[in-house]
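Values in this text are rule-based calculations from the coordinates and carry no lab data. All values reported here derive from a predicted model rather than from experimental measurement. Please note: Cβ atoms are built from the backbone with ideal geometry, for glycine as well, and neighbour counts cover all protein chains shown.
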Amino acid sequence: MTRSIPETEASDAPRPPADAVIEVRSITRRFGDVQALRDVSLRVDRGEIHALLGPNGAGKTTLLRILSGLVEAEQGEIRVLGIPWRDPPRHARHLFGLVPSGDRSFYLRISGFENLVFFARLQGLRRSEARDRALAGLRLVGLEDAAHRKVLTYSHGMQKRLSVARGLMMDPPLLFVDEATHDLDPAGARRVRDLVEQAARRGVAVVWATQRIEEIRGFARSVTVLDRGAVRFEGTVAQLLAAVPPERFVLQVKTLGPVEAVEAVRRRLGDRAVVAAREGDEDHVLIGLRPGTTLGAAVALLVGAGIDVIACREERPELEQAFLSLIEPER
């Protein structure tokens, strides 16, 4: 079942209602006996990076292929800037750019410049305009010095940047990015994310598909978690963390010494909680509550046993825990 937080509870500012670049409603797609997508909906606003997060086989690439007009949805509705998108008309395909996951979409024996000119010409541009766009795209991603080198001499990271240049060459309002950094080193991945962030600051709406959950913190504004074709969560990254109940609490107790404090709390709570010390901190105890035990009941038991609880705070799960908690129950 989809888990989401009402917009009124979001920590981020509310979305301007007229700013939607793409709206996807109840998309469904099956391949033979495999249900690739089931009732998937999302919305991305101007200047927003929306993460499409999920494990292998979740349906991320299928959804991007549908959004880019390469595969047709069986049910549902897509609108880009208000244009129905079930079968994108050729004259409207300049409205989106695509950065695919692989590198086999370039002609390796011609230069990066010649590749971009070729793809610009496919969009219907005259040769002079295509050349101007190609040069501008190469400058945008920092490849102007390699413009006339054959693509087969490019490093993997350079080919990814060339792919970003192609995706943004027509100044689209919408950019689809499919696993763009999964096989890049940290510096190369950061370079690609920086380029996409710059595009978002110019107003481009971005759908960023990834299984690398660590890269969306501080990068994406909103996230849809997909698993086996179904939406498990939709909201902001902060809401993704907040949607999962805390597993552990930190109790500050009157100093008894680390061993004494842990043993005293463990004896009183018994099998209601997992109790551990915090390394190098004798004033605090970690407790993980078992199902059916509330924090209030646990603290009451401790206070009733003469253990002086001075303060308590929750330890929010890391992003990975939050993600796994959404997809693991049904696996």
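The figures follow:
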quantity	calculated
Sites ALA276 and ALA238 - FRET efficiency at Förster radius 25 Å, r taken between beta-carbons, to 0.05	0.35
Residue order, fewest to most surrounding Cβ atoms within 10 angstrom, among ILE78, ILE110	ILE110, ILE78
Whole-Å semi-axes of the ellipsoid equivalent to segment 108-195 (Cα gyration tensor, √5λ, descending)	21, 15, 10
Additional length obtainable on full extension of the chain from ARG121 to GLN198, 0.36 nm per residue less Cα span	25.2 nm
Cβ-Cβ FRET estimate between GLU74 and ARG267, R0 fixed at 51 Å, reported to 0.05	0.30
Whole-angstrom Cα spans of segment 3-242 along principal axes, big to small	50, 38, 36
Footprinting exposure proxy for SER128, SER222 (fewest neighbouring C-beta atoms within 10 Å first)	SER128, SER222
Bins of 5 Å, starting at 0 and running to the largest distance - Cα pair percent for segment 248-315	3, 20, 36, 29, 10, 2, 0
LEU135 versus LEU108: modelled label distance in nm, points set 7 Å from Cα along the beta carbon direction	3.0 nm
